[in-house]
Structure formats: C-alpha cells, structure tokens
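Student: I am attaching a structure below and will ask some questions about it afterwards.
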Amino acid sequence: MGKVIAIANQKGGVGKTTTTINLAASLAALEFQTLIVDADPQANSTSGLGYNPKEIENSIYECMVEGVRPQDAIIQTDFPNLDLLPSHIDLVGAEIEMINLQNREDKMKNALDSIRDSYDFVIIDCSPSLGLITINSLTAADSVIIPVQCEYFALEGLGKLLNTIKIIQSRLNTNLSIEGILLTMYDLRVRLSNQVVGEVTSHFQQMVFNTIIPRNIRLSESPSFGVPALAQDADSKGAVSYLNLAREILIKNGLMPQEA
Ligand code: ADP
Ligand code: MG
C-alpha cells in the first residue's frame, strides 16, 4: 500500500508546491509509482505540471464532494511513473459544501483509499490554510512534511501547525507521523539563512531533514514551462537537492539501502 505524504504549512510561499512537484518527480525518476494530489484551490501543482486548471473537468473536488472515482479524474503526466489528481477553483466551495456532511474530515481519505494500492507514494499539496481541506489532507496522510523557508519569521505559525497535527493524531488519524521539517530557499550568502538553519535544527533536531533545499532559479522558473526542474535541467542544484530529499526519505522508510 502506497505511503501518503501531505506537504503542509498554513503559511503561503514557503515551498509546498515546489516541494510537491519536485519531490514527486524525483520519486518517479527513481522508479516509484507516484501520484500528486493537488489539494489547493489555487491549483499551482496542476498548472506547474502544464495543465490549465480551467480545463479540468474532474478534480479532487468532484472526488470528495460528488463521489467521482479518482480513477476518472487522474491524469497520466508526460513523465514516467508520475500521475496527477488535479485541482480547480471549485475546491474553494468544498469547505462550505462539506460543512454539514457527516464524517466531513474523511472525504479525501475515502477517495484515496480506492487508489492508493496503485502507487508507492501519494504526495498531497496542501493549501495555505488549516481549513477543512487541509484537515482532510492530514486525515488522509500517513505522514507530513513541513517546508520552512529560510527567511524572517520562519518559525511563525509552526506551533499552531504542530498543535493541529497533534489534535488530528488524537482524534482523526492516530497513524499520522511527521516525516520531517524541510528547510527551503536556503541562500548560502545570506547570514539570516544560516541563522534560520541553526535555529530550526537546534529546536527540532532530528525532525529536520539533512537535505536543505537551496534557493535556485530552475526551481522557480520550471513551473512556467509546466515541468519539474528535473525535466528542465537535471544537473541544476534545485533538481539535485530534491533528488537527495527523495533518497533521504526512501532510506528512512527502508525502501533504499543506506549508502556507505
Ligand atoms: P507554497 O506552495 O508554499 O505557497 P511555492 O512552492 O509556490 O510555495 O513557492 C513560493 C514561490 O517561491 C514560488 O514562486 C516558487 O517558484 C518560489 N520558490 C520555491 N522554492 C524555491 C527555491 N528553492 N528556490 C527559488 N525559488 C523557490
Ligand atoms: Mg502552493
């Protein structure tokens, strides 16, 4: 059964979507069957892989609210081993439409249960909120990756997120674990970047991934070409760093031997 990993942080612009696309593409390149679930109404993972959200007929929204089968919504991308369950703007309305439903926190989990056997990894790109869609994502997930930008106020909101995760662990999903905290947009030349790395690692210690994602132009421009950085420039620092993250996760999960 595939492992479901949510990429979550209610702060916007910390690298959730960049991590989703490039981690998923790296796992796919290492020949693990991988599905991206775009659970953000802004649909940046969908457009970042080259699909126009306005042209999407069936999205995660229809799967959660209207009972459409995920099989009928999933897109096979141009990249081997990489599929996408897309999003579109209607997902905004899902929060309101689901409010009176029974078991409204389980809708995504139920949708994904029918297809997770077909994948090694399912990576969920969460929206920048702690609303019902994100609660659904965390309820559906086995673990969560928290991207933290190496910038001012890096730790802001992290307490609230960790608290939300605790509540979900106790009430909705006892299975949920923290895969790791991921430092993103690191700039070697900026003293603040180094301070943030120091602060986050001393505070969260082994919860923090060894892999740190650098600030890299390929990572920021590849979505405009509708491809992961790996497909645009496999040797770029950005692509290599996400490949390293994929390896770190595979080793941690016993799916790849520890390198000597
Ligand atoms: P989120 O999904 O958390 O809102 P994004 O992944 O969309 O964050 O990243 C926010 C912005 O920063 C985007 O324009 C993205 O291209 C850029 N970005 C993210 N990670 C990097 C990086 N490592 N290097 C350079 N730009 C990045
Ligand atoms: Mg995003």
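Every read-out reported here was derived from the displayed coordinates using simple, explicitly stated rules and does not represent laboratory data. Computed from a prediction, not measured in an experiment: that's the story for all the values here. Cβ placement follows ideal geometry from the backbone for every residue including glycine, while neighbour counts extend to all protein chains displayed.
Student: In debye, nearest 20: dipole of the stretch 33-186 around its Cα centre with unit charges on the Cβ of K, R (+) and D, E (-)?
Tutor: Values: 9 positive and 22 negative charges, 112 e Å.
It comes to approximately 540 debye.
Student: Hey, fewest Cβ within 10 Å first, where do ARG69, ARG116 land in order?
Tutor: Details: ARG69 13, ARG116 20.
Ordered by Cβ neighbours within 10 Å, fewest first: ARG69, ARG116.
Student: Could I ask something else about it? Helix 158-171: angle to the longest alpha-carbon principal axis of the chain, degrees 0 to 90, nearest 10?
Tutor: 40 degrees
Student: Quick check: net charge around GLY13, other residues with Cβ under 14 Å of its Cβ, Lys/Arg +1 and Asp/Glu -1? Spell out each step's value before the answer.
Tutor: On the way: positive: LYS11, LYS16, ARG215; negative: ASP40, ASP125, GLU151, GLU156.
Combined, the nearby Lys, Arg, Asp and Glu give -1.
Student: Also: Would you mind telling me the antiparallel percentage of the DSSP bridges in the stretch 1-128, rounded to 5? Provide the component values of the computation, followed by the final result.
Tutor: Numbers: 2 of 17 bridges.
About 10 percent, rounded to the nearest 5.
Student: Suppose we keep just the DSSP beta bridges with both residues in the chain; what percent of those would be antiparallel, to 5? List each step's numbers first, then the result.
Tutor: Numbers: 2 of 29 bridges.
In the chain, approximately 5 percent of DSSP beta bridges are antiparallel ones.
Student: So, with +1 on the Cβ of K and R and -1 on the Cβ of D and E, and no other charges, what is the size of the charge dipole of the chain about its Cα centre, to the nearest 20 debye? Present the calculation step by step, with values, prior to reporting the outcome.
Tutor: On the way: 19 positive and 30 negative charges, 176 e Å.
Using only the charged Cβ atoms, the result is roughly 840 debye.
Student: Just list whichever of LYS54/LYS237; LYS16/LYS54; LYS107/LYS252; LYS3/LYS107; LYS11/LYS166; LYS16/LYS160 have alpha carbons separated by over 24 Å in the model shown. Show your work: numbers first, answer last.
Tutor: Values: LYS54/LYS237 32 Å; LYS16/LYS54 22 Å; LYS107/LYS252 29 Å; LYS3/LYS107 18 Å; LYS11/LYS166 18 Å; LYS16/LYS160 17 Å.
Check vs 24 Å cut-off fails for LYS54/LYS237; LYS107/LYS252.
Student: On to the next question. Among CYS126, ASN210, MET98, which residue has its Cα furthest toward the positive end of the charge dipole of the stretch 3-252, with +1 on Lys/Arg Cβ and -1 on Asp/Glu Cβ?
Tutor: Comparing the listed Cα positions along the dipole, ASN210 ranks first.
Student: Sticking with this structure for a sec: Fewest Cβ neighbours within 10 Å first, please rank LYS54, LYS107 accordingly.
Tutor: On the way: LYS54 9, LYS107 22.
Lowest to highest Cβ neighbour count: LYS54, LYS107.
Student: Next up: Using only Cα atoms and rounding to the nearest 10 degrees, what angle (0 to 90) does helix 191-204 make with the longest principal axis of the chain?
Tutor: Value to nearest ten degrees: 60.
Student: Let me ask another. Rank these for me by crowding, ASP113, ASP235, going from fewest to most other beta carbons within 10 Å. Don't skip to the answer; put the middle values down first.
Tutor: On the way: ASP113 14, ASP235 8.
Ranked by crowding around the Cβ, least crowded first: ASP235, ASP113.
Student: Report, in degrees rounded to the nearest 10, the 0 to 90 angle that the Cα long axis of helix 237-252 makes with the longest principal axis of the chain.
Tutor: 70 degrees
Student: Under the rule of -39500 (n - 2.57) per DSSP H run of 4 or more residues, summed and divided by the residues of the chain, what mean residue ellipticity at 222 nm is obtained, to the nearest 500 deg cm²/dmol? Mind showing how you got there, number by number?
Tutor: On the way: 11 runs with 101 residues, N = 260.
Calculated at 222 nm, the ellipticity per residue is -11000 deg cm²/dmol.
Student: Could you compute how fast the chain diffuses translationally, taking Rh as the Kirkwood radius over C-alpha pairs and applying Stokes-Einstein at 25 °C with viscosity 0.890 mPa s? Give it in µm² per second.
Tutor: Numbers: Rh = 18.2 Å.
Rounded to a whole number, D works out at 135 µm²/s.
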